[in-house]
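Asker: I'd like to ask you about the structure that follows.
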Amino acid sequence: MISVLLNDRALSRTLTGVGNYIAQLLLHLPEHEPDIRVDPFYHSRVLRRDWRACLAPDELPAAGAPAHPRDLSASRYPWWLRRFLQQGYAAIFRWSATGYRLYHEPNHIPIRCRLPTVTTIHDLSGLTHPQWHPADRVRWYEREFHAGLRQSRRFIAASEFTRQEMVTHLGVRGDHVFVTYQAPRAAFRPVDHATRSAARAALGLPPRFFLYVGTLEPRKNVPGLLEAYAALPPDVRREHPLLVVGAWGWKQQALREQLERHRLGNQVRLLGYMRDPSLACLYSLCTAFVWPTWFEGFGLPPLEAMACGAAVVTSAVTSLPEVVGEAGILLDPHDTAAWTSAMRRLADDPDLRAELGRRGLARASAFTWERFCRSTAAAYRSTLDF
């Protein structure tokens, strides 16, 4: 039995990329790799409660979507208190590591620890594009990242793009990096008519709409999406509001000002953070999922959208061609006119939407949790064989 201590702290926050990665690892690894036991440190040793309480309930929300997205940019604690709490957490972690064979850090920078360490790198944007990130995160990278590289025996990368970035920018050996593609979570599949109708009523959804899903932060290029959407003819915008799902992130003032400047009113609706069952309904109902991000280590939302049968338009950059392939429309995120043209075409062409939906379903089916678990287990075993 390989015993692994996992730093699952991200599960305690609103579940976005890293939190969902941890949850799916804990859910699926026991099924596919029964000789590996992964213990979630924060929930089992600190909170002493079942980590599954963090998962989305299998139900739709009550009627009425949130009026304002939650703001994730402001911390509840001053920096000096956060630093003190982090040091205390690290000390408890090291004390708890006795008896484990391996430490898995799922969030870029490992806690300093003597256990053989495997670290998951989702992307390198914190190093290559610090202007997109909060100042305290950039300081954390500057202070700790390279020590974490030296501590880690092996790495898990979210995509081949991220693996190549690590080789090129960090000098990591390519055979020390294991690519573990994630898969659509259980809720993301085509939704039946009755469930879609219930969601439309509960969330007050229009008959047709474009959809964006993701934290509202600079890397996602939401201002570029708004520019493209604002250039659509007024009748298209009236018939196809843009629904924006996600919490407010950081460096958000420019986006707030743009929303006010365009005065799009009800044509752009901010729905806030939503759990998986509601998201699946939105993906299944939308005219198209539009995602003009600048940079992604993997890009779960396009995969989720394809798994629900949505037509996908996303950026032809970084890892996204690996995820979407020929199943969606891939565009230069700088080319605003191309995004406007693609949205107008999809609004007018139901045959194109249906064809992209069919391609997306086939593409999404190639991403499985079994493959994810096999690759993760290979990284664990290679770390111990080092």
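The values are calculated or read from the model by the stated rules, or taken from the named source; none is laboratory data. All values derive from a computational prediction rather than experimental measurement. Reconstructed Cβ throughout: ideal geometry from the backbone, glycine too, with neighbour counts over all protein chains shown.
Asker: In the set 338, 378, 311, which member is in the same structural domain as residue 179 (by TED's automatic domain parsing) and either in contact with a Lys or Arg (Cβ under 6 Å, 6 or more places away or on another chain) or farther than 21 Å from residue 196 by Cβ (or both)? Full working, then the answer.
Answerer: On the way: 338 fails: in the same structural domain as residue 179 (by TED's automatic domain parsing); 311 fails: in the same structural domain as residue 179 (by TED's automatic domain parsing).
After applying the criteria, what remains is 378.
Asker: Can I ask one more? I need a count of the residues in segment 325-345 that are under 20 Å from residue 360 (Cα atoms) and either of a type outside the set (D, E, K, R) or buried (at least 18 other Cβ atoms within 10 Å of the Cβ) (or both).
Answerer: Of the residues in segment 325-345, 9 are under 20 Å from residue 360 (Cα atoms) and either of a type outside the set (D, E, K, R) or buried (at least 18 other Cβ atoms within 10 Å of the Cβ) (or both).
Asker: Does segment 153-171 hold any residues that are in contact with a Ser or Thr (Cβ under 9 Å, 6 or more places away or on another chain) and either closer than 21 Å to residue 126 by Cβ or without any contact (Cβ under 8 Å) to a residue 12 or more places away in the chain (or both), and which are they? If you could, list the steps in order and put the result at the bottom.
Answerer: In the first step, residues of segment 153-171 are kept if they are in contact with a Ser or Thr (Cβ under 9 Å, 6 or more places away or on another chain); the result is 153-162, 165, 169.
Across segment 153-171, the qualifying residues are 154, 155, 156, 157, 158, 159, 160, 161, 162, 165, 169.
Asker: Quick check on segment 255-267. Is at least one of its residues in contact (Cβ under 8 Å) with a residue 40 or more places away in the chain and not charged (D, E, K, R)?
Answerer: The answer is no, given that none of the residues of segment 255-267 is in contact (Cβ under 8 Å) with a residue 40 or more places away in the chain and not charged (D, E, K, R).
Asker: Return yes when residue 230 is among the aliphatic types (A, V, I, L, M) and either over 19 Å from residue 339 (Cα atoms) or at pLDDT 95 or above (or both) and no when it is not. If you could, list the steps in order and put the result at the bottom.
Answerer: On the way: among the aliphatic types (A, V, I, L, M): yes; either over 19 Å from residue 339 (Cα atoms) or at pLDDT 95 or above (or both): no.
No, not satisfied.
Asker: So, in segment 98-119, how many residues would count as being closer than 24 Å to residue 320 by Cβ and touching an Asp or Glu at 6+ places or on another chain (Cβ under 7 Å)? Steps first, answer last, please.
Answerer: Within segment 98-119, the first condition is being closer than 24 Å to residue 320 by Cβ, and the residues that meet it are 106-108, 119.
The next check asks that each one be touching an Asp or Glu at 6+ places or on another chain (Cβ under 7 Å); those that pass are 119.
Number of matching residues: 1.
For every residue, the table says whether it meets (1) modelled with pLDDT under 90; (2) crowded, with 19+ Cβ neighbours inside 10 Å; (3) not assigned by TED's automatic domain parsing to the domain that holds residue 217.
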position	(1), (2), (3)
6	no, yes, yes
12	yes, no, yes
18	no, no, yes
23	no, yes, yes
27	no, no, yes
32	no, no, yes
35	no, no, yes
41	no, yes, yes
62	yes, no, yes
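Asker: So, one more: Kindly establish whether residue 194 is part of a helix (DSSP H, G or I) and over 25 Å from residue 364 (Cα atoms).
Answerer: Working: part of a helix (DSSP H, G or I): yes; over 25 Å from residue 364 (Cα atoms): no.
The answer is no for residue 194.
Asker: Looking for something without any contact (Cβ under 8 Å) to a residue 40 or more places away in the chain, of a type in the set (A, V, I, L, M), surrounded by 15 or more Cβ atoms within 10 Å (Cβ to Cβ) and under 22 Å from residue 133 (Cβ atoms) - is there at least one such residue anywhere in segment 198-214? Before you say what the answer is, go through the steps one by one.
Answerer: Here is the first cut: in segment 198-214, the residues without any contact (Cβ under 8 Å) to a residue 40 or more places away in the chain are 206-207.
Checking the rest, the ones that are also of a type in the set (A, V, I, L, M) come to none.
No - not one qualifying residue is present in segment 198-214.
Asker: Which of the residues that make up segment 296-320 are closer than 15 Å to residue 224 by Cβ, of a type outside the set (Val, Ile, Thr) and buried (at least 22 other Cβ atoms within 10 Å of the Cβ)?
Answerer: Residues satisfying the conditions are 296, 315, 320.
Asker: Would segment 148-166 turn up any residue that is within 27 Å of residue 37 (Cα to Cα), touching a Lys or Arg at 6+ places or on another chain (Cβ under 8 Å) and among the basic types (Lys, Arg)?
Answerer: No, segment 148-166 has no match at all.
Asker: Can you find a residue that is crowded, with 21+ Cβ neighbours inside 10 Å and under 30 Å from residue 27 (Cβ atoms) anywhere in segment 225-241?
Answerer: For segment 225-241, residues crowded, with 21+ Cβ neighbours inside 10 Å and under 30 Å from residue 27 (Cβ atoms): absent.
Asker: Tell me the helices (runs of 4 or more DSSP H) entirely within segment 103-177 that contain at least 2 residues that are closer than 17 Å to residue 376 by Cα and modelled with pLDDT of 95 or more. Full working, then the answer.
Answerer: On the way: elements: 125-128, 135-151, 160-165.
The helices (runs of 4 or more DSSP H) meeting that bar are 160-165.
Asker: Additional query: So which residues in segment 363-386 are among the hydroxyl-bearing types (Ser, Thr, Tyr) and surrounded by fewer than 20 Cβ atoms within 10 Å (Cβ to Cβ), if there are any at all? If you could, list the steps in order and put the result at the bottom.
Answerer: Filtering segment 363-386 down to residues among the hydroxyl-bearing types (Ser, Thr, Tyr) leaves 365, 368, 375-376, 380, 382-383.
Passing the criteria: 365, 368, 375, 382.
Asker: Can I ask one more? Considering 300, 271, which residue is among the hydrophobic types (A, V, I, L, M, F, W, C) and more than 23 Å from residue 160 (Cα to Cα)?
Answerer: On the way: 300 fails: more than 23 Å from residue 160 (Cα to Cα).
Residue meeting the stated conditions: 271.
Asker: So, in segment 340-386, of the ones that are under 22 Å from the mean Cα position of the chain (by Cα) and among the aromatic types (Phe, Trp, Tyr), which residue ends up farthest from residue 24 (Cα to Cα)?
Answerer: By that ranking, first place goes to 367.
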